[in-house]
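**Student:** After the structure tokens below, expect a handful of questions from me.
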Amino acid sequence: MNNPPDIQHPMRDEAFESAIDLAQHILENANAYHALASEDFPGRDRMRFAVLLVMLEEAGKLYNMVRECEKAAKSDYLSVRVENYDDNCLNGRRALAQILEELRVIDKAGQVLGGKEAGQLPGPDFLREDFCTLKERLLYMPLDRSARDLSFIPSGELMDRLAGAVEHNALAAGEYLHDLGKALGLWITLELKPRKGEGGPHSIRYV
């Protein structure tokens, strides 16, 4: 017997509130990501990558919800169609593809405008892995020693670029949902804001 399709139709106002909550949850995970990087310790990069994967999975959900909320608002639908919300693997892959494309565009623009090769995005090694199993392999230790290879964990610099893109998109989604919601008489806003003042490279970002 097949599982029922992962399709839900929350009321429009409720969907807007859930989307803004999701954007905030991504920023909360971003705080955890940066806190983990505040000092060096065994297992740090493994846990940072695990948190980053959750951020990617939720970013994929957020992108879809923002699109559907926009569609419902413009067409004056009473409910929002939410599809594949619980498919973390699918959402993570979609978000990763979008973010990598965004970073490549930024790199290309930087080369054109700045005339330099620095900052070119390398092809992440973990793209050759099964994305759907990455988080499990990071969090749990298999009995088989040959299955414990974690060489796919990207460099700290690449993880920071991916996390930064997710954070930027979550903030932008929050602002867009706020503006779109006002047109419908909804007053929703992100409670977390970028922290003012300069801290360390991996200090808590959102308060």
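**Student:** On the given criteria, is Leu184 at pLDDT 95 or above, farther than 20 Å from Met47 by Cα and either over 16 Å from the mean Cα position of the chain (by Cα) or surrounded by 14 or more Cβ atoms within 10 Å (Cβ to Cβ) (or both)? First the steps, then the outcome.
**Tutor:** Working: at pLDDT 95 or above: no; farther than 20 Å from Met47 by Cα: yes; either over 16 Å from the mean Cα position of the chain (by Cα) or surrounded by 14 or more Cβ atoms within 10 Å (Cβ to Cβ) (or both): yes.
When the stated conditions are applied, Leu184 does not pass them.
**Student:** Assess whether Ala163 counts as being aliphatic (A, V, I, L, M) and surrounded by 17 or more Cβ atoms within 10 Å (Cβ to Cβ). Show your work before the answer.
**Tutor:** On the way: aliphatic (A, V, I, L, M): yes; surrounded by 17 or more Cβ atoms within 10 Å (Cβ to Cβ): yes.
Yes, satisfied.
**Student:** Of all residues in region 65-94 being buried (at least 18 other Cβ atoms within 10 Å of the Cβ) and within 12 Å of the chain's Cα centre (by Cα), which is nearest to Leu186 (Cα to Cα)?
**Tutor:** Within region 65-94, the match that is nearest to Leu186 (Cα to Cα) is Asn91.
**Student:** Turning to a different aspect of this structure: Within the set of pairs 6 or more residues apart or between chains, which connect a residue that is more than 19 Å from Glu68 (Cα to Cα) inside region 17-44 to a residue that is hydroxyl-bearing (Ser, Thr, Tyr) with Cβ atoms less than 6 Å apart?
**Tutor:** Qualifying pairs under 6 Å: Leu27/Tyr206; Asn31/Tyr206.
**Student:** Can you confirm whether Leu121 is outside any helix (DSSP H, G or I), surrounded by 12 or more Cβ atoms within 10 Å (Cβ to Cβ) and modelled with pLDDT under 95?
**Tutor:** Numbers: outside any helix (DSSP H, G or I): yes; surrounded by 12 or more Cβ atoms within 10 Å (Cβ to Cβ): yes; modelled with pLDDT under 95: yes.
Judged against the criteria, Leu121 is a match.
**Student:** Of these, Leu22, Leu27, Leu62, which one is in contact with a strand residue (DSSP E or B) (Cβ under 6 Å, 6 or more places away or on another chain), modelled with pLDDT of 95 or more, assigned to a helix (DSSP H, G or I) and under 18 Å from Glu175 (Cβ atoms)?
**Tutor:** Numbers: Leu22 fails: in contact with a strand residue (DSSP E or B) (Cβ under 6 Å, 6 or more places away or on another chain); Leu62 fails: in contact with a strand residue (DSSP E or B) (Cβ under 6 Å, 6 or more places away or on another chain).
Checking each option against the conditions leaves just Leu27.
**Student:** In addition: Taking only pairs six or more apart or across chains, which ones have beta-carbon atoms under 9 Å, a first residue in region 176-194 that is farther than 14 Å from Ala15 by Cα and in contact (Cβ under 8 Å) with a residue 60 or more places away in the chain, and a second residue that is of a type outside the set (Asp, Glu) and loosely packed, with under 13 Cβ neighbours inside 10 Å?
**Tutor:** Within 9 Å, the pairs are Leu192/Val207.
**Student:** How many residues are among the charged types (D, E, K, R) and farther than 27 Å from His178 by Cβ if we restrict to region 23-82? Break it down into steps so the answer makes sense when it comes.
**Tutor:** Here is the first cut: in region 23-82, the residues among the charged types (D, E, K, R) are 28, 39-40, 44-46, 48, 57-58, 61, 67-68, 70-71, 74, 76, 81.
Add one more test, that the residue is farther than 27 Å from His178 by Cβ, and what stays is 39-40, 44-46, 48.
Number of matching residues: 6.
The values are calculated or read from the model by the stated rules, or taken from the named source; none is laboratory data. In this text, all values refer to a predicted model and were calculated from it rather than measured experimentally. Here the Cβ is made from the backbone with ideal geometry for all residues, glycine too, and neighbour counts use every protein chain on show.
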